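Data first, discussion second: the structure below is written as C-alpha cells.
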Amino acid sequence: MAIFRKVTFKDFILLCLSLWYILSWRMTGGGEVGLAIIRGFIPYSILYIGMRLMAHADIEVAETIVVLVLCVCCIAEACCGLGQVLGIRPSGNAIFTMTGHFRNPGPFGGFVAGLTAVALTYLCVCENGPKHIRILAIVAVVFGTLVLPASLSRA
C-alpha cells in the first residue's frame, strides 16, 4: 500500500479534527451548532482527501475519477430538478418550481450547464474511454439537456 506512505502530519491532524468534531457533536446531544460545524467542515475534508489521493494517481485514472464524479453530480442535480417539476420534491423557492439543491434557478442552471458541458466534452474527446463512463456521460448529457430549458436560467 504505497498510498499510506504518503500520509503527512497534516493528514493526521485533519483526521483527528474530523473525529473530534463528530464525537463532540454526538456526546453533547447532537445540537444544531455542532451540526452546522460538521456540515461546513466535513465536505472540505472529503475534498482535501480526494485531491490528495488523486495527486498520487495516474493522470488517466484521475481524469476518469473527476469525470465520473461530475457526471454523477449532474445526474443527481438533474433528477432533483425534475422531481421538483413533477411535484415529487419541494422547491427551495416559492416563486420558481425548479431550483435543485440551490435557492434560485439561475445558479442551478449554471451548475447543470457546466456539468453537462464537461460530460459532452468527455464524449467528444475520449472516444475510446471506459464504456461505463461513456454511458454515464451520455445519461448526464441527456438529463442536463432536459433540465436546462425548465430551469429558466440564462446558462
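Here are some notes:
- Evaluating ALA137 against the criteria (1) touching a Leu at 6+ places or on another chain (Cβ under 6 Å); (2) open to solvent by 50 Å² or more (accessible area, probe 1.4 Å) leaves one unmet condition, (2).
- The residue pairs whose first member lies in segment 31-60 and is closer than 18 Å to VAL7 by Cα and basic (Lys, Arg), whose second member is open to solvent by 90 Å² or more (accessible area, probe 1.4 Å) and assigned to a helix (DSSP H, G or I), and whose beta carbons are closer than 8 Å, counting only pairs six or more residues apart or on different chains, are ARG52/LYS6.
- Within segment 38-45, the presence of a residue that is modelled with pLDDT of 75 or more, loosely packed, with under 10 Cβ neighbours inside 10 Å and farther than 29 Å from GLY129 by Cα is excluded.
- Restricting segment 72-130 to residues that are outside any helix (DSSP H, G or I) and small (Gly, Ala, Ser) leaves a set whose member that is surrounded by the most Cβ atoms within 10 Å (Cβ to Cβ) is GLY100.
- For segment 142-155, taking the residues that are of a type in the set (A, V, I, L, M, F, W, C) and either crowded, with 20+ Cβ neighbours inside 10 Å or at positive phi (or both), the one that is modelled with the highest pLDDT is identified as PHE143.
- Residue in segment 80-87 that is under 20 Å from VAL141 (Cβ atoms) and aliphatic (A, V, I, L, M) present: yes
The values are calculated or read from the model by the stated rules, or taken from the named source; none is laboratory data. Just so we're clear, the structure is a prediction, and the values are computed from it rather than from any experiment. Because the Cβ atoms are built from the backbone with ideal geometry, glycine has one as well, and the counts that use them run over all protein chains shown. Keep in mind that these areas ignore ligands, DNA and RNA; they rest on the heavy atoms of the full protein, side chains included. Shrake-Rupley method; radii C 1.70, N 1.55, O 1.52, S 1.80 Å.
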